[in-house]
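> Next up is a structure, given as structure tokens.
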Amino acid sequence: MADPNKVDPIHQFQITDIVSFGEGGISFTNSALFMVLSVGVIALYLLLSTQKRSLVPNRVQLVSEMLYEFVAKMVSDSAGKAGMKFFPFVFSLFMFVLVANMFGMIPFFFTFTSHIIITFALALLVFVVVIVYGLYKNGLKFLKLFVPSGVPGYVLPIVVPIEVVSFLSRPISLSVRLFANILAGHITLKVFAGFIVTLGGLGFLGWLGALLPLVMTVAITALEFLVAALQAYVFAVLTSMYINDAIHPSH
Amino acid sequence: MAQSRNTKRPPSGEQAGPLTSDLAARIKRAQAAEEAPGDAEMSAANRNLSGWNRGMRLGTEFIAAILVGAGIGYLLDLWLKTGPWLMLVMLLVGFAAGVLNVVRSAAEMNRAAPPPTAAMRAPDDEEDE
């Protein structure tokens, strides 16, 4: 294992401290750095591109407007007019996840969405917002979410626990999906890229053989860009669907 | 200068008249043309992308419910000291919730991208015969 060509596909997910405050206390990690970078890039881009507010947008402004309209349509489609109240929330989540995933595609950059604690925190935020707003808006009627209409009373003892578990499983499925996609994608990419190096060490025939994983790596890179955008979209769509449940809590 | 402009205006105005009069129709046509391929592209992309995506979605929905059910049962068991029983019950409830999740998301997906109807499939069936 003392091979210099050894490939460690997990190494890219290691969290390292950049600045630590106090002994074993809070520290500013590479994960945190990229979160700050993502937020900074989003804020800078949106602010600068919409600064002129020209009626006929230039390309940069057009991209921001398209992002805005894309998310606005998504929210109003799944949560209706009342859901537009949550547009800033969904838009922030979408942009944050999207930029984080895209940052992850740049070599040597850290992908913080590949850590389940991050995605779980995001999903939990959605979950808490849904519960709090649902209870605030509908009061106890929010609990109707767990009682499907048209179900006879004697099956309720069975149906209600099932509905409750189904509801509680949402943040988990939401976070696991994003995390697993990104983690699996990055590991696959690294492993295939590692094959190129390992095979290349075998001389001429090795180089010929290395062509196959090289082609695969290029293809998977394209696929990963797709997954990065898609997972941000899925996260945002499901968020707006859950918000829809909070606004209209009956199935 | 002003006179020449005045004399020139009416013809150009007449030309602009028909030009702008069907402008609305042209915009509508262009929008329709733009939207139609856009939609087709979108749905085609959706269909291609979502194989992996749908599988992922259904899988996580199912597994998450089982994990949550078993987890709740385990915690209740720890709290009430009722042995493995509540965990077993809640595991089964978790399975049921998982199936419910899968059925719901599949219904949602079908609503978003309707499966081919009987009318669309009819030619195929005839070929089979």
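> Taking the condition away from every other protein chain (no Cβ under 14 Å) and out of contact with any helix residue (DSSP H, G or I) (no Cβ under 8 Å at 6 or more places or on another chain), does A:Y154 pass?
Yes; evaluated as a whole, the condition is true for this residue.
> For A:F192, are the conditions met, namely being touching an Asp or Glu at 6+ places or on another chain (Cβ under 9 Å) and of a type in the set (F, W, Y)?
Considered against the rule, which asks whether it is touching an Asp or Glu at 6+ places or on another chain (Cβ under 9 Å) and of a type in the set (F, W, Y), A:F192 comes out as no.
> Could you please find all residues in region A:127-151 being closer than 23 Å to A:F89 by Cβ and within 14 Å of another protein chain (Cβ to nearest Cβ)?
Of everything in region A:127-151, those that are closer than 23 Å to A:F89 by Cβ and within 14 Å of another protein chain (Cβ to nearest Cβ) turn out to be A:F127, A:L145.
> Further, regarding this structure: Just wondering, is there one or more residues in region A:154-164 that are charged (D, E, K, R) and touching a residue at least 24 places away in the same chain (Cβ under 8 Å)?
For region A:154-164, residues charged (D, E, K, R) and touching a residue at least 24 places away in the same chain (Cβ under 8 Å): absent.
> Separate question: Restricting attention to region A:124-140, which residues are touching a residue at least 60 places away in the same chain (Cβ under 8 Å) and either β-branched (V, I, T) or under 18 Å from A:N181 (Cα atoms) (or both)?
A:V126, A:V129, A:V130, A:I131
> For region B:47-102, give me each residue that is among the aromatic types (F, W, Y), within 11 Å of chain A (Cβ to nearest Cβ) and either touching a strand residue (DSSP E or B) at 6+ places or on another chain (Cβ under 8 Å) or loosely packed, with under 14 Cβ neighbours inside 10 Å (or both). Show your work before the answer.
Restricting attention to region B:47-102, the residues satisfying the condition of being among the aromatic types (F, W, Y) are B:52, B:62, B:74, B:79, B:85, B:95.
So of that shortlist, the ones also within 11 Å of chain A (Cβ to nearest Cβ) come out as B:52, B:62, B:95.
Within region B:47-102, none qualify.
> Could you list, in sequence order, the residues of region A:136-182 that are of a type in the set (A, V, I, L, M), surrounded by 19 or more Cβ atoms within 10 Å (Cβ to Cβ) and over 25 Å from the mean Cα position of the chain (by Cα)?
A:L145, A:I162
> Evaluate region A:224-247: report whether one residue or more is more than 14 Å from every other protein chain (Cβ to nearest Cβ), touching a Leu at 6+ places or on another chain (Cβ under 7 Å) and among the aliphatic types (A, V, I, L, M).
no
> For A:K81, all conditions in the list (1) at pLDDT 90 or above; (2) closer than 26 Å to A:N244 by Cα hold save one; what is the number of the exception?
The one condition A:K81 does not meet is (1).
The values are calculated or read from the model by the stated rules, or taken from the named source; none is laboratory data. Note that the coordinates shown come from a computational prediction; the quantities given were computed from them, not determined experimentally. All Cβ positions, glycine included, derive from the backbone under ideal geometry; neighbour counts span all protein chains shown.
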